[in-house]
Amino acid sequence: MAVVLLMALPVQADGYETNWYYEVDKKSAWQGDLTARLKAIEGVFEGELGVYVQNLASGEAFSWRADASWYLASLIKIPVAAQVLAERQAGALTLDERLMLAQSDFVDGAGSTNWHDPGTPISIRYLMEQMITVSDNTATDMLIDRVGLEGVNQRARKMIAASGGDPDNIGPISKLVGVRQGVYGELHPDARALGGMDFIALRQRSVSQRPQALARALGVSTESFTQPDYDHAFDAYEATGENVGTLRAFGGLLASLHGGLDDLSAEQRQTLLAVMQGTRSGKRRLKAGLGNGVSFAHKTGTQQRRSCDAGIAERADAETTNEGPWVIVSCARGPAAVSAHERVLAKVGEALRYSGALGKPW
């Protein structure tokens, strides 16, 4: 009865009115099985895992370090897309609107936006698809410039609050070029004035050679650096809280795409989920472990010694109304090789599948 009453009452979270359905006080047998499997996986992984799972039909949730802070990397592109679609809903833009690619827009990373010449007009639709499906950083920063960074951050907070989560459990979202300025700025403050093309040049170097390349670009000595290497610089940048959050909070953000408890219409939510269904990065991550018969609208994130995969999973063979859909958020940190992260995230997918976390094992 207490749970029913709670579900009926609105909750105030940082100024946002929300409905409580975020998590129920329930622990099924699969939770112990999943805990044992994750312990075994982490026992042979040279790093740490974080996992958050929530059944969006029953509200039951599972947490494995989900309340710790994690660098979310490109997962933050989901609220960017959500804000683009919110402005589409408001009539402030259309997906066919074209943005002019400037030389200053270029950011290192995946995607084909960088293949275009400066001065090329590119549609918002194309930029959003590239941002989500292949994690295009240049496309992301162009969209952030169009809708405004403040709007993106407010959208993320609204989405988390709409699921009853605490918006303060996600740090400020930055532009992708701002990540580079932040990381290299931890080595030397003058790096904060560099632009995207400078970071593209630095990206051509191996991680171990980047500090020396940065020193040459700035005309300074590495002895003036405030961090010993790139790894420590990234650790220091992460400690600032930018693009950092709990997996539970990010799970709430994803849940809002299914539950529709914020102001984003069903049409816009379905548009975003359809784009997330087409994600081409991360085929060796959670999706590999989940196997066939599961639809997974997701987004990946990868940065120095950090990898994530997060989305909404649905089973084609669901037999009861309590069988999903499920929010799944998982991150790994530690090893330098991305392949090690992908293998462990695939193992997490298998653990979810075989534990019964996603209904009857298959």
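Residues to consider are Ala236, Ala217, Ala201; find the one that is in contact with an Asp or Glu (Cβ under 6 Å, 6 or more places away or on another chain) and either surrounded by 20 or more Cβ atoms within 10 Å (Cβ to Cβ) or in a helix (DSSP H, G or I) (or both). Steps first, answer last, please.
Values: Ala217 fails: in contact with an Asp or Glu (Cβ under 6 Å, 6 or more places away or on another chain); Ala201 fails: in contact with an Asp or Glu (Cβ under 6 Å, 6 or more places away or on another chain).
When all the criteria are applied, what remains is Ala236.
When you scan the range 215-234, do you find a residue that is within 23 Å of the chain's Cα centre (by Cα) and small (Gly, Ala, Ser), even just one?
yes
Of these, Leu264, Leu257, Leu286, which one is within 18 Å of the chain's Cα centre (by Cα) and either under 19 Å from Ala82 (Cβ atoms) or surrounded by fewer than 17 Cβ atoms within 10 Å (Cβ to Cβ) (or both)?
Leu257
What tally of residues in the range 53-77 results from selecting those that are at pLDDT 95 or above, open to solvent by 30 Å² or more (accessible area, probe 1.4 Å) and of a type outside the set (A, V, I, L, M, F, W, C)?
Qualifying residue count for the region: 4.
Of the residues Gly334, Gly293, which single one is at pLDDT below 95 and open to solvent by 10 Å² or more (accessible area, probe 1.4 Å)?
Within the list Gly334, Gly293, the selection yields Gly293.
Is it the case that the range 3-16 has a residue that's open to solvent by less than 40 Å² (accessible area, probe 1.4 Å), within 17 Å of Asp166 (Cα to Cα), β-branched (Val, Ile, Thr) and at pLDDT below 95?
no
Yes/no matrix, rows are residues, columns are (1) part of a helix (DSSP H, G or I); (2) without any contact (Cβ under 8 Å) to a residue 12 or more places away in the chain; (3) basic (Lys, Arg); (4) more than 17 Å from Asp105 (Cα to Cα):
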site	(1), (2), (3), (4)
Ala156	yes, no, no, yes
Met159	yes, no, no, yes
Gly164	no, no, no, yes
Ser174	no, no, no, no
Val183	yes, no, no, yes
Glu186	yes, no, no, yes
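Scan the range 109-122 residue by residue and report those that are touching a Leu at 6+ places or on another chain (Cβ under 8 Å) and either closer than 13 Å to Asn137 by Cβ or open to solvent by 40 Å² or more (accessible area, probe 1.4 Å) (or both).
Within the range 109-122, Gly109, Thr113, His116, Asp117, Pro118, Gly119, Pro121 qualify.
Conditions: (1) at pLDDT below 95; (2) within 17 Å of the chain's Cα centre (by Cα). Gly245 meets all but one. Number of the miss?
(1)
Give the range 303-326 a look and list any residue that's over 15 Å from Lys287 (Cβ atoms) and part of a strand (DSSP E or B), or say none.
Gln303, Arg306 - these are the residues of the range 303-326 that are over 15 Å from Lys287 (Cβ atoms) and part of a strand (DSSP E or B).
The values are calculated or read from the model by the stated rules, or taken from the named source; none is laboratory data. Quick caveat, the model's predicted, so the values are computed rather than measured. Note: ideal-geometry Cβ built from the backbone for every residue, glycine included; neighbour counts use all protein chains shown. Just the protein is used for accessible areas: all its heavy atoms, side chains included, with ligands, DNA and RNA removed. Shrake-Rupley method; radii C 1.70, N 1.55, O 1.52, S 1.80 Å.
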